[in-house]
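**Q** Input: one structure, supplied below.
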Amino acid sequence: MRVNRISRTRKRPAALGLAVAALAAGLTTGTGPAAAQPRAAAAPAADCSAAYRIEQKLSTGTTWRMCWRYDGMAGLILDDVSYQPKGETKPIKVLNSARLGQIHVPYDDGKEEYDDLTGQDFAKDLMPLAPAECPGGTIKTVKVPDYYEGENPNVKGLCTITRSRGHAYRMQSDEGNKVYQAQGKDLLVYTVNQVGWYEYMTEWRFQDDGTINMNVGATGSLSPFDYDAGDGRGWPIGKGPRAKATSHSHNAFWRLDFALDGSTKNRVEQYDSVVTPRGRLTPTTKTTRTKVTKESAGDSKAYRWWRMVSAAGKNKDWHARSYEIVPGPTTRYPGRSFTKHDVYFTQYNKCELFASNNPRCDRTHPKSVDKWVNGQTLTHPVAWVNVGFHHIARDEDQQPMPVHWQGFSIAPRDVTAMNPLTPPALAGENGRPQDGS
């Protein structure tokens, strides 16, 4: 699960056996908890020269464009993300910036708590990727800021690759035996960062239909020093009742700075639906919109969703473009004020970059995202999404540990007038069918 609690060393002992030694390849010695960390310098502005540009036209006709950079704490950051499906004459900008905002890891026994991005060496420990980990793709070299003394700062650690995801759609024609179907394609961008015994896979999937999936996968190894959960808060993974691995949570945050159609003056809207029973009759459902005009925190629940709406652009049907936030499965952690909500919308502040233990503001500024929600009017909203996972180890977590994923998506809502993958034969079927058509 993590480091040795007694020494908090990041170095793995060589005597732990070949399986553990293999996982430890490339590990370098780090430093202690957050209090001992030097304040990292602010990341430079995005460099969108060819070396830092990602542009991929998928076989279904959609092109994704973005710049990438590497921060000394957050790791991979994607800037100026735009989406251009077939039929659109120019790219549609979606995001100014997309990044991890924190991985907060409290242990069930209350003895340890970590902020992996700002309190551990998440960004320093970027793992080199072998060609087999990026089959048919491109592995880019990343210059790691504030690298370990004596280590090479240049790491071949960023994979960009296209992958199939299965059916994008399927429709049986009402005339003859014609079947309209397409296999969806994705652009996948990912890195692997090591924190103690864990390896985090930070994955961004850009679908040809305009959806963006953001995921963190935890893999690597269970720490051999954490088999001491004798207080009933762990799960036995050794022979019989022995070697109880300590349970803990992973609370992953993402920070999204939207810029739909190139403008940061986006609007936040919340939608709630209420189902009303009517005896033996079919129940009715009414959906209402609430404009979120000031900073706020929100919780996911059935029949609730949010969207970020463009103030600058409309699709060909004259509808305002927007992106809907689609939460993934989560176990919300109630133990800290900043993890008690699933989403936060804050007014843009260039120093508010990490959801907890934020070191980029001055000392008088609050250190966590919940404290930034203080009633400011949203003229440049930033979305923070929190997805929790409670990790109770199992026998199958060794050795190595299978990847367990947590994340969410943003899906286009009215970005294009029709399905961006619509086949030419159906391009005229927009809205209500006309008489005689």
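The values are calculated or read from the model by the stated rules, or taken from the named source; none is laboratory data. Everything numeric here is computed off the predicted structure, so don't read it as measured data. Using ideal geometry, Cβ is built from the backbone for each residue, glycine included, and neighbour counts are taken over all protein chains shown. All accessible areas refer to the heavy atoms of the entire protein, side chains included, with ligands and DNA or RNA removed. Shrake-Rupley method; radii C 1.70, N 1.55, O 1.52, S 1.80 Å.
**Q** Quick one: which residue in 176, 166, 196 is open to solvent by less than 70 Å² (accessible area, probe 1.4 Å), at pLDDT below 95 and closer than 30 Å to residue 417 by Cβ?
**A** The match here is 176.
**Q** If you don't mind, another one. Of the residues that sit in the range 379-407 and are part of a loop (DSSP other than H, G, I, E, B) and touching a Phe, Trp or Tyr at 6+ places or on another chain (Cβ under 6 Å), which one is most open to solvent (accessible area, probe 1.4 Å)?
**A** Among residues in the range 379-407 that are part of a loop (DSSP other than H, G, I, E, B) and touching a Phe, Trp or Tyr at 6+ places or on another chain (Cβ under 6 Å), the one most open to solvent (accessible area, probe 1.4 Å) is 392.
**Q** Please give the number of the condition residue 235 fails out of (1) surrounded by fewer than 16 Cβ atoms within 10 Å (Cβ to Cβ); (2) in contact with a Ser or Thr (Cβ under 7 Å, 6 or more places away or on another chain); (3) of a type outside the set (Asp, Glu).
**A** (1)
**Q** Could I ask something else about it? Please find, among 187, 117, the residue that is among the aliphatic types (A, V, I, L, M), open to solvent by less than 50 Å² (accessible area, probe 1.4 Å) and under 19 Å from residue 51 (Cα atoms).
**A** 187
**Q** Among the listed residues 255, 304, 233, 205, which satisfies the condition of being touching a Leu at 6+ places or on another chain (Cβ under 8 Å), among the basic types (Lys, Arg) and under 28 Å from residue 337 (Cβ atoms)?
**A** 255 is the lone residue from the list that is touching a Leu at 6+ places or on another chain (Cβ under 8 Å), among the basic types (Lys, Arg) and under 28 Å from residue 337 (Cβ atoms).
**Q** Take the conditions at pLDDT below 95, among the basic types (Lys, Arg) and under 20 Å from residue 74 (Cα atoms) and apply them to residue 360. Does it pass?
**A** In short, yes.
**Q** Across the range 100-128, which residue is farthest from the chain's Cα centre (by Cα) among those that are closer than 30 Å to residue 262 by Cβ and part of a loop (DSSP other than H, G, I, E, B)?
**A** 123
**Q** In the range 332-339, is there at least one residue being under 24 Å from residue 372 (Cβ atoms), among the hydrophobic types (A, V, I, L, M, F, W, C) and in contact with an Asp or Glu (Cβ under 6 Å, 6 or more places away or on another chain)? Spell out the reasoning first.
**A** Quick first cut of the range 332-339, residues under 24 Å from residue 372 (Cβ atoms) only: 332-339.
Still in the list and also among the hydrophobic types (A, V, I, L, M, F, W, C): 338.
If we keep only those that are in contact with an Asp or Glu (Cβ under 6 Å, 6 or more places away or on another chain) as well, we get 338.
Yes, the conditions are met somewhere in the range 332-339.
**Q** So which residues in the range 240-249 are surrounded by fewer than 23 Cβ atoms within 10 Å (Cβ to Cβ) and part of a strand (DSSP E or B)?
**A** Those that are surrounded by fewer than 23 Cβ atoms within 10 Å (Cβ to Cβ) and part of a strand (DSSP E or B): 244, 249.
Here is a yes/no grid of residues against (1) more than 21 Å from residue 95 (Cα to Cα); (2) at pLDDT below 95; (3) basic (Lys, Arg):
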| position | (1), (2), (3) |
| --- | --- |
| 293 | no, no, no |
| 303 | yes, no, no |
| 306 | no, no, no |
| 320 | no, no, no |
| 324 | no, no, no |
| 355 | no, no, no |
| 397 | yes, yes, no |
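**Q** Please go through the range 408-421 and pick out each residue that is open to solvent by 40 Å² or more (accessible area, probe 1.4 Å) and of a type in the set (S, T, N, Q).
**A** 419
**Q** Taking interchain pairs and intrachain pairs at least six residues apart, which have beta carbon atoms under 6 angstrom, with the first residue in the range 48-64 and aliphatic (A, V, I, L, M) and the second open to solvent by 50 Å² or more (accessible area, probe 1.4 Å)?
**A** 58/185
**Q** Also, quick follow-up: Step by step: first the residues of the range 129-155, then only those that are outside any strand (DSSP E or B) and touching a residue at least 60 places away in the same chain (Cβ under 8 Å), then the one that is nearest to residue 191 (Cα to Cα). Which residue is that?
**A** 129
**Q** Looking at residue 73 and the list (1) touching a strand residue (DSSP E or B) at 6+ places or on another chain (Cβ under 9 Å); (2) among the hydrophobic types (A, V, I, L, M, F, W, C); (3) touching a residue at least 40 places away in the same chain (Cβ under 8 Å), which single condition is not satisfied?
**A** (1)
The rows are residues; the columns are (1) under 26 Å from the mean Cα position of the chain (by Cα); (2) under 25 Å from residue 61 (Cβ atoms); (3) hydrophobic (A, V, I, L, M, F, W, C).
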| position | (1), (2), (3) |
| --- | --- |
| 174 | no, no, no |
| 184 | yes, yes, no |
| 190 | yes, yes, no |
| 203 | yes, yes, no |
| 220 | yes, no, no |
| 224 | no, no, no |
| 235 | no, no, yes |
| 254 | yes, no, yes |
